[in-house]
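Data first, discussion second: the structure below is written as structure tokens.
What follows draws every value from the coordinates through simple rules; no lab data is involved. None of the values given here were measured: they were computed from a predicted structure. Positions of Cβ are backbone-derived with ideal geometry, glycine not excepted, and every protein chain shown enters the neighbour counts.
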Amino acid sequence: MKKLKYILGSIVVGFGLSGCLGQPSIPSVSEEEAFKYEKQYLAEWENWKQQNKNTKPSFKWIQPKNKKEECKVYVGIDSENDKTTKSDYALYWDGECKDGYAYGLGREIEKTMFTDLQQIGIYENGKAVDYCVISYPLEGINTDGECSYSYDQPEHYVKTTIKDKLDNFDITYEIGVSGTNGSPEMGMVTSPFIDKKMLAKVYPNFMYMIEDYTEDSFVGMKYDFNMKTKQNSNWINSGYRFMFKKDGLILGGENINDGEKIRLVVLPDSYINHLGTIYDEISQQVNLGFEAQKKALIIKEKYKNKICKDNVKVNFMDNKEYKEICNEDKKIADLKIKIDQKLAQIEQQKQAKRNQMNQQQIIQMQKAQAAAAQKRADKESLNQALRDFQNTVNNSIDRQNRTLEQMNNINRNMQMDNLNNNLNNINNNLWQIYRIILKVKWINILGCIERTIQYLVIS
């Protein structure tokens with residue numbers, strides 16, 4: 001049985017734009033600067049490929065316990081912890097044999113004390129050809145897709161994980177393509193209970209991580225494009241990242257201090273377009289994963305049609321357990337009920353959150369209205385105060401004008417009195433002068449008369 005190499009589902013993502021965001025200005029980053037991290041990581045990747053180009057999967061040929069004739073099956077193993085050497089290990093093959101190997105449509109069943117692994121496919125030379133269905137019933141994991149049995153051949157797949165323990169019910173889907181010695185893993189992780197999708201292009205030493213919030217109405221961002229590096233088996237934020245907001249704004253930043261803080265920057269369009277291309281590349285691999293699942297499920301249905309008959313029985317394991325796969329339709333129906341119930345609970349929570357947000361918006365609106373009303377009242381009060389002040393000023397000006405008018409009248413009266421006095425004085429002076437003139441004139445006349453009389457007397 002092959003050993004699958006899927007790691008997308010193990011990625012733990014929980015980050016947001018935090019840290020040094022309150023900068024007075026945002027510097028621009030050159031194209032060379034923007035791509036420096038990727039250039040470094042890809043160079044490391046090239047070195048990794050050279051070091052691991054000859055790495056091959058560890059495996060054994062195992063003879064099924066239920067077959068007397070030679071009928072070997074390919075089983076992938078961990079070279080440091082070989083499960084096939086344990087006393088509780090057992091392998092069964094439900095199918096035909098040819099030339100000493102498992103052959104045709106069938107199922108291999110691998111059991112230990114704590115594990116149960118089953119694989120359905122069309123086998124040639126002990127391996128499933130092209131497509132297969134792998135399940136871990138005890139862990140609630142099913143993987144449908146391609147089967148290559150090689151570190152050099154990628155496998156497109158859909159992996160479904162169902163957790164149904166007590167009050168913990170959850171479902172996650174991982175869709176994409178596995179990594180090889182020469183190509184990265186790419187895929188998407190999603191869940192019916194979460195409105196966020198996570199897309200990743202994963203290399204051994206770094207990854208591109210994209211969070212898609214398109215369907216999340218409670219988050220203001222649409223996409224978050226980020227880079228991560230591997231440090232002591234943990235993924236940390238690294239390099240440049242940017243965020244598309246639903247209002248059309250783009251925020252760029254650089255992860256610093258091992259991703260603990262972000263320095264806001266303006267990234268070049270070439271870098272943003274580059275990560276957009278990676279998004280499209282991942283999406284294409286996701287679509288191929290769905291196509292591979294369809295073909296694998298066709299093989300599964302053919303196998304179920306073969307064994308899910310009343311006359312089919314086995315003696316190498318419990319027949320009820322053997323035919324558990326035949327009851328999948330009922331399990332799917334029960335699963336749908338649980339899914340719908342949880343979705344209903346989530347919708348109630350969302351509605352409660354919407355109501356809370358609406359209430360907060362109403363409160364904020366009321367506060368804004370009250371503030372606006374107070375502002376209008378303050379403005380009106382100010383306007384009234386200004387009007388009162390203007391009236392006071394106008395009244396003061398009127399009083400001043402009246403006072404000035406009175407003063408002008410007084411001045412005019414005083415001026416007229418002075419003028420009249422001056423005129424009177426002038427008239428008096430003129431009259432005195434006139435009297436003097438008359439007096440002088442009469443004196444002269446009298447003197448002339450006197451001289452005339454004297455002349456006559458003498459004559």
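Assorted remarks:
- Those residues of the range 92-127 whose amide nitrogen sits under 19 Å from the label point placed on residue 321, 7 Å along Cα→Cβ: 92-95, 107-120
- If R0 is taken as 41 Å, the Cβ-Cβ distance between residue 84 and residue 340 corresponds to a FRET efficiency of 0.45.
- Amide H to amide H distances under 5 Å link residue 58 with 77, where only residues 5 or more positions off or on other chains count and H is placed in the peptide plane.
- Between residue 390 and residue 312, full extension at 0.36 nm per residue minus the direct alpha carbon distance yields a gain of 17.5 nm.
- Site pair residue 205 and residue 330 shows an inter-label distance of 5.4 nm when each label is modelled 7 Å from Cα along Cα→Cβ.
- Total formal charge among the other residues, if their Cβ is under 9 angstrom from that of residue 197, Lys/Arg +1 and Asp/Glu -1: -3
- Above-threshold pairs, the threshold being 26 Å between Cα atoms, out of 159/245; 163/323; 56/127; 49/295; 65/306; 197/350: 159/245; 49/295
- Net charge of neighbours whose Cβ lies under 9 Å from the Cβ of residue 188, counting Lys and Arg as +1 and Asp and Glu as -1: -1
- Theoretical gain in end-to-end length, residue 364 to residue 230 [0.36 nm per residue, Cα-Cα removed]: 43.8 nm
- A Förster distance of 25 Å, applied to the separation of the beta-carbon atoms of residue 55 and residue 112, puts the FRET efficiency at 0.45.
- Full extension of the chain between residue 247 and residue 355 yields a length gain of 36.6 nm, computed as 0.36 nm times the residue separation minus the alpha carbon distance.
- In the range 84-142, Cα pairs under 8 Å separated by at least six residues give a relative contact order of 25 percent.
- Net charge of Cβ neighbours under 14 Å - reference residue 28; Lys, Arg +1; Asp, Glu -1: -4
- Directionally averaged projected area (convex hull, Cα atoms, the range 8-322), nm²: 19.7
- Cleavage-rule hits (GluC sites (Glu not before Pro)) in the range 235-306: DSSP loop, at most 14 neighbouring Cβ within 10 angstrom: 260
- Taking the alpha carbon gyration tensor of the range 256-371, multiplying each eigenvalue by 5 and rooting it gives semi-axes of 50, 30, 14 Å, largest first.
- In terms of the mean number of neighbouring beta-carbon atoms within 10 Å, the peptides 87-95, 316-324 order highest first as 87-95, 316-324.
- Phi-derived couplings, Karplus 6.51 cos²θ - 1.76 cosθ + 1.60 at θ = phi - 60°, listed residue by residue for the range 77-87: 9, 8, 4, 8, 8, 6, 5, 5, 8, 6, 5 Hz, with x used for Gly and Pro.
- Evaluating 6.51 cos²θ - 1.76 cosθ + 1.60 at θ = phi - 60° for every residue in the range 312-329, the Karplus couplings come out as 8, 9, 10, 10, 8, 7, 4, 5, 5, 5, 4, 9, 4, 5, 6, 9, 5, 4 Hz, glycine and proline recorded as x.
- Checking every one of the chymotrypsin sites (Phe, Trp or Tyr not before Pro) in the range 224-275 against DSSP loop status and a limit of 10 other Cβ atoms within 10 Å picks out no site at all.
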